[in-house]
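The values are calculated or read from the model by the stated rules, or taken from the named source; none is laboratory data. Owing to the predicted nature of the structure, the values given are computational and were not obtained by experimental measurement. Cβ sites come from the backbone with ideal geometry, for glycine too, and all protein chains shown count toward neighbours. The area values use the complete protein model at the heavy-atom level, side chains included, leaving out ligands, DNA and RNA. Shrake-Rupley method; radii C 1.70, N 1.55, O 1.52, S 1.80 Å.
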Amino acid sequence: MDGNDSTRSDNAGRPQISAAFRNTSFDRSFNCLKGVKKAFFRIVNKIVPKLILNMLLPVDTERIRKGLRDRGIRVNDKQQIRQIADIMQSRVCIGMEDVLGVIGTGYTLVPTTCSCQIAGIACDYQLPQRGRFTPVFYDQDTTNQPPAAIVNAGSLDGHIGGGGLNKLFASVAPFAGAPHRKRLFKRSLNERLHDQAAGEGHITTYDLSTRDSGMKSVTLYKTESNHAGSVAVYEYSEHPHGNTANQAMVYVIPPRRLDYTTDKAFLTAVEQTATNMITVYNQYASQKQNNHEAVPELHIHAFSAGSYAGPVSPAVITKAILKGVHDKCQALAKSGTLHIPKMRFSAPFDHTLSHFSTDPHYLDSTIPIAIDPSLPVDDKAFLAFLNGDGQINGHTRQVVSHYAFSRLETAHNYIQAVFPNKIQGLAEAPLLSPTLLNVLNAAENEGALRKYIEDMLVHTLLPFWGIRHESTLANTAELDFSQGQFSIDNIQQSTVWRTKNTDHNHRRITRVIHFLMEVGYQDYAQKLCQFMQEKRSEMRLPPIMHWNIAAKLPPHTGTSLF
C-alpha cells in the first residue's frame, strides 16, 4: 500500500508486476530494446490474472497497520484493517482517501512518544519521524544523551551482518570496513557458546580488551541445543558513529519459528529469550554499579521477526517479548536485585506498549487446558486447537484469528473446527462430545475458554458480521459477557445476515449459538440472537427460526408486526 492519490487512472492503480523483474538478467536483456521492453511489461500488467496477483502479493494485515502508523494514524480495530485488506485484494494499490473512507473517525493519532512503567522502571517508546524504524544509534552530533545498550537481533550462527537490524550493526564501528572483526566476532562467540565448562543458564564475563575486536568485554548468557535464546552484552571500545553514548550491544540469538512444532512453542521460546535478555543485562548493570559506573539504558528492538517469524504476526511477537521483559523485571524487583535504570522500546512496540499502559490484564497468562491422554482422539484434537498447539482442516487458531474478511467468507471448513457442535457439519471436524463438554465446562478451564471466545468470536467473527461487542467492565478494557450489548459497526458486512433470507452465514451463526449454549454462555448467546433478530425485524424481514431454536428462545422471537 502506498499513499498515492486514489483518483489516479486505473492503469496507475494496477500492481506493477514488472517490479519483480527489475535488476534481473531477464530485465537487463531488454536494455537494447527499451520500447519493446515497455510494451512487454504493459501487456504483462494487463493480462496476469488476479488470482496469480494475490499469490504474488498476499495481503498482510500487519503491514497495513504499519503503513497507517507510518502515516501518523493508529487503527486498532481489526475489522477495519480487514476491510482495507479486502480493498487491497481487489485493487492492490490504494490511496489514503480510500483508507479514510473505511475508517472514518475510528482512528487515533500516533504519538511520537509514550511512557509507562515496568516494575518501577521508566519505559518509553519513540516512533520514527519517517519510515518504519526508530533510529538505532545516536549519531555523531547527538549530545547530552544517557548511555545506551542497544539490542541487536542476531542470528543462529552468531554472525554480524546479513539483513535487517543485524546489518545496521555491521555498517558502523567497530565492524564497518573491518571484515576480520566480523569473522573474529562469529568465531569467538561460537567458541564460548560451545564451551563445555559453562552449562545452560550460566553467565560468564570475558575480557576482550587485548584482542583487535573493537570491544572491551562480553557478558554471556548461554543456552543449550541450537543456542537460540542465548544473549551476549558486548561493551564497545570503538563506538558506533564515534559517540560514546552508544556504549554496548546486546546481541540476542533469536528463536526461529521453523525450529518449533507450534506457534505457541515458538512464542514461549521468544518470551524465554526476553527473560534471558533481562537476566544477563541485569548482571551487566550490577557489575557497572559495583564499579561505580553509569548503567546504560536498555534500548529494546524486536527480535525473531521477519524470516524468523514464519506466519506469526509482529504484534504477537512483540507481546511475547514484552511479557518476558515484564515478568523478569517484576521478579527481580521483588527480590530487590533489579539494577536496570530505564528501558526504551522501538517501533513496532508502540501498539503493544499502548495496550499494556491502558489494560492491566493485557499481559496476563492464560493457563492452557490440560489434555488427558485418555480422552478420545477428536477431543484431544480440539483442545490442542484451542490451546494454539494444533490444527484442524489445515487451520490453526492463530491463523484463523488473522484472516481477512474475504477469507472468512470464502473458506468453508474453518467454522466447524472453531465452533464444534454435537452434529457433524459440511466439513468433518471434532464434535462437541460429552467428554469434551466436561473439560470445557470445568471451573479450572474458565479462563482459557473465555479467552478463546474473545479471540475467535468477539475479535474475529463478530467484526466479520459487522457487529461490535459494546460491553466492558467498569474502568477497564476487560470484556463483560454478562450484559451482552451489541451494535452494528459495519453496515456492509452485516448485510449477509441482516438483509437476506438465505445465506450460508446463517448456518454459521446457528453453529456459534449452539456452541455458546453448551459451554456456559447461554445468556450471551440469547442476547446475541435477540439483537440479530431485532435488526432483521427493522429490515421488515422474518426471524431466522433455527437461531431461536439453537438459543432456546420462542420460535417467533424477533417477529415484527407489519
So Thr273, is it among the hydroxyl-bearing types (Ser, Thr, Tyr) and either part of a strand (DSSP E or B) or within 20 Å of Asn166 (Cα to Cα) (or both):
yes
Being out of contact with any Pro (no Cβ under 9 Å at 6 or more places or on another chain), open to solvent by 10 Å² or more (accessible area, probe 1.4 Å), not in a helix (DSSP H, G or I) and not acidic (Asp, Glu) narrows Ala370, Ala384 down to just Ala370
Only one of Gly425, Gly336 is in a loop (DSSP other than H, G, I, E, B) and on the phi > 0 side of the Ramachandran plot, namely Gly336
The residue from Tyr236, Tyr251, Tyr206 that alone is open to solvent by less than 30 Å² (accessible area, probe 1.4 Å) and in contact with a Leu (Cβ under 8 Å, 6 or more places away or on another chain) is Tyr251
Of the residues in region 428-447, those that are part of a helix (DSSP H, G or I) and open to solvent by less than 10 Å² (accessible area, probe 1.4 Å) number 2
When Ser213 is run through (1) hydroxyl-bearing (Ser, Thr, Tyr); (2) over 18 Å from Val252 (Cα atoms); (3) touching a residue at least 40 places away in the same chain (Cβ under 8 Å); (4) open to solvent by less than 30 Å² (accessible area, probe 1.4 Å), the failure sits at (3)
(request) Report yes if some residue within region 379-392 is under 20 Å from Cys116 (Cβ atoms) and of a type in the set (A, V, I, L, M, F, W, C); otherwise report no. (result) no
_It is to be established whether one or more residues within region 300-312 are surrounded by fewer than 17 Cβ atoms within 10 Å (Cβ to Cβ) and touching an Asp or Glu at 6+ places or on another chain (Cβ under 9 Å)._
yes
Checked against (1) at pLDDT below 95; (2) of a type outside the set (Phe, Trp, Tyr); (3) touching a Phe, Trp or Tyr at 6+ places or on another chain (Cβ under 6 Å), Glu428 satisfies every condition except (3)
Regarding Ile367, is this residue touching a helix residue (DSSP H, G or I) at 6+ places or on another chain (Cβ under 7 Å) and either modelled with pLDDT of 85 or more or closer than 22 Å to Pro147 by Cα (or both)? no
Restricted to region 387-402 and to residues being in a loop (DSSP other than H, G, I, E, B) and free of Cβ contacts under 8 Å to residues at least 60 places away in the same chain, the residue nearest to Met456 (Cα to Cα) is Ser401
Yes or no: region 375-394 includes at least one residue that is under 26 Å from Ala302 (Cβ atoms) and hydrophobic (A, V, I, L, M, F, W, C).
no
The condition from (1) at pLDDT 90 or above; (2) over 18 Å from Trp547 (Cβ atoms); (3) open to solvent by less than 20 Å² (accessible area, probe 1.4 Å) that Leu457 misses is numbered (2)
